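These notes concern the structure reproduced below.
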Ligand SMILES: [Zn+2]
Ligand SMILES: [Zn+2]
């Protein structure tokens with residue numbers, strides 16, 4: 001005897017019958033999902049930074065907030081109980097949720113699968129309400145309260161920070177801010193206090209980010225790092241410590257005359273924490289490694305403001321007469337102590353070292 005569908009009465013000849021239902025009625029009788037994980041798909045958007053939260057976890061929005069919504073939706077749907085192998089095949093297009101106003105919209109989600117080996121896979125569309133509430137994320141809340149974890153101080157050794165260095169520091173900080181990775185949401189700088197030439201203080205949201213920015217700055221500025229910590233307060237009987245990193249820029253600056261491996265050099269460049277030096281006797285120049293570009297290895301013999309001005313009076317190889325422009329004293333020195341191609345009357349800069357006078361570049 002031929003079977004018929006118990007719902008619509010279709011016969012076996014018209015459509016296969018499984019468990020008493022034709023395939024069309026089977027779909028309605030056996031939905032692919034019984035209900036969603038939660039009735040509504042609830043998100044919160046931060047009105048200050050535009051990030052989104054789902055179930056207490058904030059995620060950074062980079063370009064498109066819809067990407068984050070889909071990421072969270074994936075988690076939501078993974079928790080939704082599905083019949084056997086049902087899969088999400090399509091999530092219908094939806095509107096980009098606003099971060100200023102709460103919004104509600106319906107997402108169309110199509111599942112595909114089958115609960116029964118005898119029934120070919122079928123698709124079913126479900127409506128899910130996406131509710132976006134507006135709030136303020138933990139980071140922005142801390143940020144607006146001026147919260148910070150660590151202080152990064154930038155100072156220089158026995159001298160003011162010069163203008164060029166000031167600009168360089170600002171630029172380096174910006175670079176690090178731009179490149180900070182999304183995962184560390186507390187990687188922010190709460191406050192920058194510019195103490196004019198005395199230094200710069202950064203109040204940083206996470207100790208990890210403070211560490212990153214400290215090593216980045218010290219490498220680029222040929223600086224040394226000092227770390228200190230002190231008790232800030234007690235919370236629930238536990239001590240809270242305040243960490244401070246001090247980035248100390250070296251005493252030496254561009255243009256200074258320094259001792260390196262027992263030879264006198266002038267610093268003719270400082271780039272990415274590497275010092276470029278020129279030998280005052282041989283005029284050979286070289287760039288030191290980051291490790292060697294450190295005050296432990298490069299020691300100031302004369303600061304550039306201690307150089308003296310002279311005028312070339314007469315060139316008579318192997319000697320040259322030069323006159324000090326302040327004292328009018330004229331002396332004869334070895335012609336090799338000054339650069340080539342000078343003419344009578346040229347003004348030159350000389351540095352006085354225990355073993356003689358050497359011409360330096362004006363930098
Ligand atoms: Zn039927
Ligand atoms: Zn925020």
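Consider residue 71 carefully, then state whether it is surrounded by fewer than 15 Cβ atoms within 10 Å (Cβ to Cβ) and either more than 16 Å from ligand 2 (Cβ to nearest atom) or assigned by TED's automatic domain parsing to the domain that holds residue 131 (or both). Spelling it out, residue 71 is indeed surrounded by fewer than 15 Cβ atoms within 10 Å (Cβ to Cβ) and either more than 16 Å from ligand 2 (Cβ to nearest atom) or assigned by TED's automatic domain parsing to the domain that holds residue 131 (or both).
Screening the stretch 83-116 for residues that are buried (at least 16 other Cβ atoms within 10 Å of the Cβ), touching a residue at least 40 places away in the same chain (Cβ under 8 Å) and under 34 Å from the mean Cα position of the chain (by Cα) and picking the one that is nearest to residue 28 (Cα to Cα) gives 97.
Checked against the criteria, residue 191 counts as farther than 25 Å from residue 270 by Cβ, part of a strand (DSSP E or B) and either touching a residue at least 12 places away in the same chain (Cβ under 8 Å) or touching a helix residue (DSSP H, G or I) at 6+ places or on another chain (Cβ under 9 Å) (or both).
Considering every residue within the stretch 30-44, establish whether at least one is assigned by TED's automatic domain parsing to the domain that holds residue 128 and touching a helix residue (DSSP H, G or I) at 6+ places or on another chain (Cβ under 6 Å). Within the stretch 30-44, one or more residues are assigned by TED's automatic domain parsing to the domain that holds residue 128 and touching a helix residue (DSSP H, G or I) at 6+ places or on another chain (Cβ under 6 Å).
Identification of strands (runs of 3 or more DSSP E) wholly contained in the stretch 12-93 with 3 or more residues that are closer than 19 Å to residue 114 by Cα and away from ligand 1 (no atom under 16 Å from the Cβ) yields 87-91. The set of residues from the stretch 128-158 being under 19 Å from the mean Cα position of the chain (by Cα) and either part of a strand (DSSP E or B) or under 30 Å from residue 256 (Cα atoms) (or both) comprises 150, 151, 152, 153, 154.
Checking the stretch 224-244 against the condition returns a match, with at least one residue being within 32 Å of the chain's Cα centre (by Cα), closer than 29 Å to residue 354 by Cβ and surrounded by 11 or more Cβ atoms within 10 Å (Cβ to Cβ).
Test residue 117 against the stated conditions and say whether it is out of contact with any helix residue (DSSP H, G or I) (no Cβ under 8 Å at 6 or more places or on another chain), within 27 Å of residue 56 (Cβ to Cβ) and away from ligand 1 (no atom under 16 Å from the Cβ). No; evaluated as a whole, the condition is false for this residue. Kindly indicate whether residue 119 is over 33 Å from the mean Cα position of the chain (by Cα), in contact (Cβ under 8 Å) with a residue 60 or more places away in the chain, crowded, with 16+ Cβ neighbours inside 10 Å and not in a strand (DSSP E or B). Against the criterion (over 33 Å from the mean Cα position of the chain (by Cα), in contact (Cβ under 8 Å) with a residue 60 or more places away in the chain, crowded, with 16+ Cβ neighbours inside 10 Å and not in a strand (DSSP E or B)), residue 119 qualifies.
The values are calculated or read from the model by the stated rules, or taken from the named source; none is laboratory data. Keep in mind that this is a model prediction, so the values were computed, not measured. Cβ atoms come from the backbone with ideal geometry, glycine included; neighbour counts cover every protein chain shown.
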